[in-house]
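Engineer: Pasting in a structure now, in structure tokens, and then I'll have a few things to ask.
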Amino acid sequence: MSFFVISPEIYAWIILPLLIFFARICDVSLETIRVIYISKGIKYLAPIIAFFEIVIWLLAMEVVMKDLANIANFFAFAFGFAAGTYIGLVLEEKLSIGMVILRIVTPEESNESIIAFMQQENYGITSMDAKGSRGSVKMILSLVNRVDVPRIMAHLEKTNPTAFFSIEDVRYVNSGVFRPKKLNMITGLFHSFIRPRKKM
């Protein structure tokens, strides 16, 4: 019976650097998400993420420190850091965590369709008259879940492509009218941890 044996050179210059690379992707992705959670006031998940993040980092650092002459480990460590930063941002965007303030400014004659759409979809809105550089406008404010933003933007591009809008992250909310989420038991528990909290 023959066994597949990995040579020490392949293990030291290929397998270990790959392990370091993927470990760095994991820990830096977790770090990126953790920092974003902290900035949004999500204080329950951040410590849990920090625990796993530092464990993975220590394991990767231990391998690098054991063989300081292996430059492949250094490059894997650095490239993993860069890739992890990007992947962490992509993951956070896909998770659509938290809520945002959506501010829409349109000419008065074109705001009715936006207001009707928002009310029909059960988004809470506040509309007010304002004065712009080119005349009277209507400002529409709404506090929405980030996951709902693409749906609203698609409607704006279809019906009011010239409308001005801005989106701002929200750390704390008190009360309001919110479009209900369709959540199962697992996602419901997850969002119960990450939703913005009332500021005391």
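Engineer: Tell me which of VAL35, PHE51, ILE14 sits at the most positive position along the dipole axis of the stretch 8-95, charges placed on C-beta atoms (Lys, Arg +1; Asp, Glu -1).
Structural biologist: So the residue we want is VAL35.
Engineer: Taking square-rooted eigenvalues a ≥ b ≥ c of the alpha carbon gyration tensor, is the stretch 1-75 rounded, prolate or oblate, where a/c under 1.5 means rounded and, failing that, a/b exceeding b/c means prolate? Walk me through the numbers before you get to the answer.
Structural biologist: Numbers: a/c = 3.60, a/b = 2.47, b/c = 1.46.
It comes out prolate by the Cα gyration axes.
Engineer: What is the packing order of peptides 32-40, 59-67, taking the mean over residues of other C-beta atoms within 10 Å and listing the highest first?
Structural biologist: In decreasing order of mean packing, 32-40, 59-67 become 32-40, 59-67.
Values in this text are rule-based calculations from the coordinates and carry no lab data. Nothing here was measured: the structure is a model prediction, and the numbers come from that model. Using ideal geometry, Cβ is built from the backbone for each residue, glycine included, and neighbour counts are taken over all protein chains shown.
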